[in-house]
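These notes concern the structure reproduced below.
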Amino acid sequence: VPKPNVTSERTKEASRTRRKQAAKHTCPVSGCESTFTRRVNLKGHLRSHNNERPFACTWAGCDKAFARQHDCRRHEQRHAQYREFTCEGCNKQFARMEALSRHLRSDLGIECQQITE
């Protein structure tokens, strides 16, 4: 039985605002209004509805698996402690630019921005 909603409203809105092309693919699951410009993204999304997780983490002792390959790779980077993005205010490191951006929008991050100005 597919889960009706696997995409948060925040994620849906982010997709709509950054989309440069019209969405051509709509999720067929009743109650889900997710749309995609690429068929491959719809395919990964459908795996989430069915709880299919074909992409398993390769780290020893980790039993996590993911519907989308890029989510698995991102997860594996956390194991490797690979942190390419650094806050100039507090020197905290992040694996993804989106995490650094979220930090800078937080209360602590606002203080970091003031330090670097």
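The values are calculated or read from the model by the stated rules, or taken from the named source; none is laboratory data. Not measured: the values here are computed from a predicted model. Cβ placement follows ideal geometry from the backbone for every residue including glycine, while neighbour counts extend to all protein chains displayed.
Couple of notes before you dig in:
- Unmet criterion (only one of (1) part of a loop (DSSP other than H, G, I, E, B); (2) modelled with pLDDT of 90 or more; (3) not β-branched (Val, Ile, Thr)) for residue 46: (1)
- Qualifying residue in segment 7-26 (condition: modelled with pLDDT of 75 or more, surrounded by 11 or more Cβ atoms within 10 Å (Cβ to Cβ), within 24 Å of residue 54 (Cα to Cα) and in contact with a strand residue (DSSP E or B) (Cβ under 7 Å, 6 or more places away or on another chain)): yes
- Members of segment 27-51 that are surrounded by 14 or more Cβ atoms within 10 Å (Cβ to Cβ), touching a helix residue (DSSP H, G or I) at 6+ places or on another chain (Cβ under 9 Å) and charged (D, E, K, R): none
- Condition check for residue 100 on (1) within 29 Å of residue 46 (Cβ to Cβ); (2) surrounded by 14 or more Cβ atoms within 10 Å (Cβ to Cβ); (3) at pLDDT 85 or above; (4) of a type in the set (A, V, I, L, M): one failure, at (1).
- Selection of segment 65-78 for residues being more than 29 Å from residue 26 (Cβ to Cβ) and either among the aromatic types (Phe, Trp, Tyr) or at pLDDT 85 or above (or both) yields only 76.
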